[in-house]
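Scroll down for the structure; my scribbles are underneath it.
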Amino acid sequence: MYLLKALESLFFPNCCAGCGRQLNFAKQSICLNCLAILPDTNFVSQPENPIEKIFAGRLPLAAAYSQFYFTRSSAIQSIIHQLKYKGNKQSGIDMGKLMGLAIKDSGRFSNIDFLIPLPLFPEKEKIRGYNQAEILCQGIAEVLQIPVERNLVLRTRATATQTHKNRLERWQNVHEVFAVADPQKPEGKKLLLVDDVITTGATLEACGNSILSVCNAELYIASLAFAMQ
Ligand SMILES: [Zn+2]
């Protein structure tokens, strides 16, 4: 059996999602070196942080944060690429766990009732095979012991690509494309919306406002990374 494992690691080495170096432990997805240098924002425990400022006046939030700064040609870019395009779900679960620990420590996101992954358009999810935000939710849920509601919010039509659009165009582009399947369920609850990367926040804004248009809920937002404009 060990020989089989040894052969397997020879032909299918378990590599770090951040730097590509071979890992020594089967269950690990990111090496300690990469974990140590990931650019933490520390927004989680910081009120009025840049993420909360993005949504100010656009979507009422109890608290919001991104775990890391998105930097180019870096471990975090590679991890997100692995999660979105290479089927590396374990890296997403591990990043989610890390977010769960930060959220737990902060005390600003207490008593959340449900985790809601920002839904992808169904066609896109079918092609990818999964929703990366849902993978992050799995990791967060493991730490916080909160249920993930994957079918509560639905994306009702495709949107054109967001690239080369300004903030207003992006907002119009994604406006009213989300629907809440069962508005009774989130009524009076605290919901944590989760996404992989926040850039302008337009999609999360549209999703959050769609939820608030059908029920009274308290919204929180968490993302793995923040890509500054
Ligand atoms: Zn690494």
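Taken together, the values in this text are just the output of simple stated rules run on the coordinates, not laboratory data. What you are looking at is a predicted structure, and each value in this text was computed from that prediction instead of being measured. Here the Cβ positions follow ideal geometry from the backbone for every residue, glycine too, while neighbour counts run over all protein chains shown.
Table for the structure above
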{"item": "Label point distance in nm, Asn166-Ala36, each placed 7 Å from Cα along Cα→Cβ", "result": "4.6"}
{"item": "Net charge of Cβ neighbours under 15 Å - reference Gln67; Lys, Arg +1; Asp, Glu -1", "result": "-3"}
{"item": "Difference of contour (0.36 nm per residue) and Cα-Cα distance, Arg21 to Tyr85", "result": "21.2 nm"}
{"item": "Cross-link pairs beyond the 22 Å C-alpha cut-off, checked among Lys27/Lys86; Lys86/Lys124; Lys124/Lys189; Lys27/Lys97; Lys104/Lys190; Lys104/Lys185", "result": "Lys124/Lys189; Lys104/Lys185"}
{"item": "Segment Met228-Ile127, length gained on full extension (0.36 nm per residue, minus Cα span)", "result": "33.5 nm"}
{"item": "Point-to-point label distance, Asp113-Gln77, nm (Cα→Cβ direction, 7 Å offset)", "result": "4.1"}
{"item": "Binned Cα-Cα distance frequencies in the chain - 10 Å width, integer %", "result": "8, 32, 37, 17, 5, 1"}
{"item": "Under 13 Å, Cβ to Cβ, from Arg128 - net charge with Lys/Arg +1 and Asp/Glu -1", "result": "+1"}
{"item": "Given charges at beta-carbon only (K, R positive; D, E negative), |dipole| of the chain in Debye", "result": "540"}
{"item": "Over the chain: helical MRE at 222 nm, DSSP H runs n ≥ 4 each giving -39500 (n - 2.57), nearest 500", "result": "-11500 deg cm²/dmol"}
{"item": "Burial order of peptide ranges 99-105, 56-62, 149-155 (average beta-carbon count within 10 Å, highest first)", "result": "99-105, 149-155, 56-62"}
{"item": "Proximal charge balance of Gly100 [Cβ under 13 Å; K/R count +1, D/E count -1]", "result": "-1"}
